[in-house]
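Notes for the one structure printed next.
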């Protein structure tokens, strides 16, 4: 495996190709915000950012919503087992707002295997949320893992089953700040 350095990351970026442009993302965010507004304007929902990747989509969508809501965040990873479920999530940061009787909308960057979103959804259901809905920027055309969420309630756009980065998605911790979605060239799939 090559050493992950800024020089190597620049090589990865230069060899990648755009699969969802900034303009396409803007249209997708508008579509997502309109759908969420129409369905939840009277719900008093909690918008929950699933960190780290969900940071960008949460910001883009929530600022377009024109109704009362609260915003919270969680940081869960499939390493460790503070909350035991089918994917053994480790809760780096648990939510602040009690979901009891509330609509919760989870915002994440991508649905690929589906395990993390499935477990986060179950976490909120187990704590008495009235409804738990999911919103992602991207739905990857990839097989879902056993026990993974099969489909989200809201989705910006679909991408092929490629390794993608940008707009919250990372490549070895880098390039979340790229303003569009790019696919990694095969030679950098390490």
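The values are calculated or read from the model by the stated rules, or taken from the named source; none is laboratory data. Model, not experiment: these values are computed from the prediction. Positions of Cβ are backbone-derived with ideal geometry, glycine not excepted, and every protein chain shown enters the neighbour counts.
Annotations for the structure displayed:
- The single residue among 19, 48, 62 that is modelled with pLDDT of 95 or more, closer than 18 Å to residue 185 by Cβ and touching a strand residue (DSSP E or B) at 6+ places or on another chain (Cβ under 6 Å) turns out to be 19.
- Matching residues, region 153-190, being closer than 21 Å to residue 106 by Cβ, assigned to a loop (DSSP other than H, G, I, E, B) and out of contact with any helix residue (DSSP H, G or I) (no Cβ under 6 Å at 6 or more places or on another chain): 153, 170, 176
- Those residues of region 17-29 which are crowded, with 17+ Cβ neighbours inside 10 Å and free of Cβ contacts under 8 Å to residues at least 24 places away in the same chain, in sequence order: none
- If the condition is being surrounded by fewer than 18 Cβ atoms within 10 Å (Cβ to Cβ) and touching a residue at least 60 places away in the same chain (Cβ under 8 Å), then region 30-51 contributes 31, 35.
- The criterion of being part of a strand (DSSP E or B), without any contact (Cβ under 8 Å) to a residue 40 or more places away in the chain and under 24 Å from residue 59 (Cα atoms) does not hold for residue 136.
Yes/no matrix, rows are residues, columns are (1) surrounded by 20 or more Cβ atoms within 10 Å (Cβ to Cβ); (2) in contact with a helix residue (DSSP H, G or I) (Cβ under 8 Å, 6 or more places away or on another chain):
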residue: 109; (1), (2): yes, yes
residue: 115; (1), (2): yes, no
residue: 137; (1), (2): yes, yes
residue: 142; (1), (2): no, no
residue: 151; (1), (2): no, no
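- For residue 72: the one exception among (1) under 15 Å from the mean Cα position of the chain (by Cα); (2) within 28 Å of residue 27 (Cβ to Cβ); (3) crowded, with 19+ Cβ neighbours inside 10 Å: (3)
- Test for residue 4: is it touching a residue at least 60 places away in the same chain (Cβ under 8 Å), out of contact with any helix residue (DSSP H, G or I) (no Cβ under 6 Å at 6 or more places or on another chain) and either farther than 25 Å from residue 189 by Cα or in a helix (DSSP H, G or I) (or both): no
- Those residues of region 99-132 which are under 19 Å from residue 157 (Cβ atoms), assigned to a strand (DSSP E or B) and touching a residue at least 60 places away in the same chain (Cβ under 8 Å), in sequence order: 105, 107, 109
- Count of region 131-150 residues, restricted to those that are over 18 Å from residue 33 (Cβ atoms) and within 13 Å of the chain's Cα centre (by Cα), is 2.
- Test for residue 57: is it closer than 27 Å to residue 172 by Cβ and touching a strand residue (DSSP E or B) at 6+ places or on another chain (Cβ under 6 Å): yes
- Residue within region 167-178 that is over 16 Å from the mean Cα position of the chain (by Cα), surrounded by fewer than 22 Cβ atoms within 10 Å (Cβ to Cβ) and over 25 Å from residue 43 (Cα atoms) present: yes
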